[in-house]
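The values are calculated or read from the model by the stated rules, or taken from the named source; none is laboratory data. This structure is a prediction, so every number in the text was calculated from the model and none was measured. Here the Cβ is made from the backbone with ideal geometry for all residues, glycine too, and neighbour counts use every protein chain on show. Surface accessibility is based on the protein's heavy atoms, side chains included, excluding ligands, DNA and RNA. Shrake-Rupley method; radii C 1.70, N 1.55, O 1.52, S 1.80 Å.
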Amino acid sequence: MFVDLSPFRHKNFRRLFLGQLISAFGTQMTAVVIPFQIFLITKSTLYTGLISGVEFIFIFFSSLLGGVLADRFEKRKILIWAEVGLSIIPLGLALNSLSAQPHLGIIFVLAAMASFLGGIHRPALEALTPRLVSENEIAKISVLLPIRHILTMILSPMIGGFAMVSVGAFYTYLFDAVSFFISLLFLLGVNYKK
């Protein structure tokens, strides 16, 4: 059984897919580094687990808002603004990590902001993607998108953990910021009929 790659012949789909693949790698690496760094700072499993609860609350409520925004406004613009914010947040995390005593509150606030923007980003992304291919290819992209998700969910945490112990939080967060910048460049090249 082979995966049909014909949707990649659409320049706009290809750009969006590749940009999101790159940024998802950075995001998932950061998803490993944040709790790792929190544990190094606090030596507390409570704080380490608490970050996931905070992120969940923010992404849950912002996803509801993100759905409304994706229905009412131009999806590509929502994605651009969300990715600008998502590219700045890891820079803040990186700068905080350079401190002799990284501030726990900054990590929590920036992680919450990233989750909030992720909740705004996702509905617009899901609504835009099918518009970039022909109608008969929508089922084909529904096979490709989980492949992107699986690749990043399996490989990125492994790479993020390795990066954290080998080069540290600063460079891992910096990679995430760069990944969003690259994704933003791909996204700026996406044009579609509204």
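Can you name the residue in the range 57-83 that is farther than 24 Å from residue 175 by Cβ and aromatic (Phe, Trp, Tyr) and, of all such residues, is least open to solvent (accessible area, probe 1.4 Å)? Filtering first and then ranking leaves 60. Just one of the numbered conditions (1) buried (at least 18 other Cβ atoms within 10 Å of the Cβ); (2) under 28 Å from residue 3 (Cβ atoms); (3) not acidic (Asp, Glu) is not true of residue 134: (1).
Screening residue 37 with (1) in contact (Cβ under 8 Å) with a residue 60 or more places away in the chain; (2) open to solvent by 20 Å² or more (accessible area, probe 1.4 Å); (3) within 21 Å of the chain's Cα centre (by Cα) gives one miss only, at (2). For the range 42-56, the tally of residues that are more than 22 Å from residue 125 (Cβ to Cβ), surrounded by fewer than 17 Cβ atoms within 10 Å (Cβ to Cβ) and either of a type in the set (Phe, Trp, Tyr) or touching a Pro at 6+ places or on another chain (Cβ under 6 Å) (or both) stands at 1.
Contact map, the range 55-79: residues that are at positive phi paired with residues that are surrounded by 13 or more Cβ atoms within 10 Å (Cβ to Cβ) and of a type in the set (Gly, Ala, Ser), Cβ distance under 7 Å, separation 6+ or inter-chain. No pairs are found. Among residues of the range 167-194 that are open to solvent by 10 Å² or more (accessible area, probe 1.4 Å), those with a Cβ under 6 angstrom from a residue that is in a loop (DSSP other than H, G, I, E, B), sequence gap 6+ or separate chain, pair up as 170/98. Just one residue in the set 30, 42 is modelled with pLDDT of 95 or more, of a type in the set (Val, Ile, Thr) and more than 17 Å from the chain's Cα centre (by Cα); that residue is 42. Evaluated against (1) in contact with a helix residue (DSSP H, G or I) (Cβ under 9 Å, 6 or more places away or on another chain); (2) surrounded by fewer than 18 Cβ atoms within 10 Å (Cβ to Cβ); (3) assigned to a helix (DSSP H, G or I), residue 101 falls short on exactly one condition, (3). Being in a helix (DSSP H, G or I), at pLDDT 95 or above, open to solvent by less than 20 Å² (accessible area, probe 1.4 Å) and among the β-branched types (Val, Ile, Thr) holds for only one residue in 106, 89, and it is 89. Comparison of 139, 163, 111 shows that the only residue that is in a helix (DSSP H, G or I) and surrounded by fewer than 18 Cβ atoms within 10 Å (Cβ to Cβ) is 139. Annotation: of all residues in the range 147-158 being open to solvent by 20 Å² or more (accessible area, probe 1.4 Å) and touching a helix residue (DSSP H, G or I) at 6+ places or on another chain (Cβ under 6 Å), the one that is nearest to residue 38 (Cα to Cα) is 157.
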